[in-house]
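Q: Structure below; questions to follow.
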Amino acid sequence: MKKIFIALIGAMSIAAVANAQKKTSGAIQFENTIDPAAMASASGIQLTDQMKARMPSSSKTNFELLFTATNASYMPVEETEDSNGAGGGGGGMGRMMMRFGGGGGNREYYYTFADKSLVEVFDLNDTTYYMPSKLTLSTSGPIGSFRMGGGNPNDTTKAKPAAPTIEVVKTDSTKQILGFTCHQAIVRSTRAIKILDMDKNVVEETKIWYTKDLGFDFSPNPNMWTEGAVLAIEGRGNSSIAKSIEYRNVSSKDVTAPKKAKLITPEEYKTKMENMMKRFRQNRPGGGGQIRAFGMN
């Protein structure tokens, strides 16, 4: 009888250890939605009917977060689908919004929980780069900057737009996401912009829903994080929401950044993107675009 009791205790201990290990690794599926027209409107841009017709009404991309007790990876699992298809050039605009809008596109993110560091891995001009970064709250606001423009992009006589004022408001609101109690933080950005020579203050609000029950820090948009593991980000025209979770074994290889990539600093990346946008504007008929969008923070 004593041997049976000891065997039973041993089996229960093994099951408890296995269950504990199981809870420290797994996969969370996210769905990202972007509506370019709504995002532009949130930034104070007035779009013509023709411009709206060339934009997809929405683009959806599925992402997967793989996590262990110490690390995680976050990357797309399928191609972007535009609700309007690619007709009228809308698909191209949708892909541009994903690439320049931050927190998405074809980028892969690798997180280290101990120091909240991460590495972004992406392809640019046929080269694979990795860019060290950290979970943070962007000082450029909830949405990548949109500016009405035209004219000479090389004109240095004009003052650069002032950085927006960022305010974080923690509320008492909670909701259940995947069975976790998530708390709400509202990121409020106020920026002064000029539209058709008129000064205007544009206020954007993004809701962040985070939980501390998962035991690690994470955000589907690394530049939109306050604390805990973010399971939903809700902005005007864009959102990232966790749809399902599965606890299972995850290989350390799956949450480790690839070693065959070239280091690029945020400053070098910003310069490259600005040069690309400059060439893009110069190559457009008439020069100088009506909408310029890029997600550098």
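The values are calculated or read from the model by the stated rules, or taken from the named source; none is laboratory data. None of these values were measured; they are calculated from a predicted model. All Cβ positions, even for glycine, are placed from backbone atoms using ideal geometry, and neighbour counts span all protein chains on display.
Q: Taking the conditions exactly as written (out of contact with any Phe, Trp or Tyr (no Cβ under 8 Å at 6 or more places or on another chain) and not in a helix (DSSP H, G or I)), does Thr190 satisfy them or not? Don't jump to the end; show me each part of the working.
A: Values: out of contact with any Phe, Trp or Tyr (no Cβ under 8 Å at 6 or more places or on another chain): yes; not in a helix (DSSP H, G or I): yes.
Here the answer is yes, as Thr190 does meet what is asked.
Q: Within the set of pairs 6 or more residues apart or between chains, which connect a residue that is more than 22 Å from Ser133 (Cα to Cα) inside segment 269-281 to a residue that is among the aromatic types (Phe, Trp, Tyr) with Cβ atoms less than 7 Å apart?
A: Met277/Phe294
Q: Please determine, by comparing only the residues of segment 19-38 that are under 22 Å from Ser73 (Cβ atoms) and under 20 Å from the mean Cα position of the chain (by Cα), which one is modelled with the lowest pLDDT.
A: Here the residue is Ile34.
Q: Right, something else. Which of (1) modelled with pLDDT of 95 or more; (2) hydroxyl-bearing (Ser, Thr, Tyr); (3) over 17 Å from the mean Cα position of the chain (by Cα) is the odd one out, the single condition Tyr210 does not satisfy?
A: In the conditions (1) modelled with pLDDT of 95 or more; (2) hydroxyl-bearing (Ser, Thr, Tyr); (3) over 17 Å from the mean Cα position of the chain (by Cα), Tyr210 misses (3) alone.
Q: With respect to Thr226, determine if the residue is in contact (Cβ under 8 Å) with a residue 40 or more places away in the chain and not in a strand (DSSP E or B).
A: Working: in contact (Cβ under 8 Å) with a residue 40 or more places away in the chain: yes; not in a strand (DSSP E or B): yes.
Against the criterion (in contact (Cβ under 8 Å) with a residue 40 or more places away in the chain and not in a strand (DSSP E or B)), Thr226 qualifies.
Q: Let me ask another. Search segment 58-74 for residues being of a type in the set (S, T, N, Q) and assigned to a strand (DSSP E or B), and hand back the single one that is farthest from Thr256 (Cα to Cα). Outline the logic, then answer.
A: Just the residues of segment 58-74 that are of a type in the set (S, T, N, Q), to begin with: 58-59, 61-62, 68, 70-71, 73.
Subset that is assigned to a strand (DSSP E or B): 59, 61-62, 71, 73.
Working: Ser59: 28, Thr61: 22, Asn62: 20, Asn71: 8, Ser73: 7 Å.
Applying the filter and picking the extreme gives Ser59.
Q: So, one more: Scan (1) at pLDDT 90 or above; (2) part of a strand (DSSP E or B) for the single condition Asp199 breaks and write down its number.
A: Just one mismatch for Asp199, condition (1).
Q: Within segment 233-255, which residues are more than 13 Å from the chain's Cα centre (by Cα), surrounded by 11 or more Cβ atoms within 10 Å (Cβ to Cβ) and among the acidic types (Asp, Glu)?
A: Asp254
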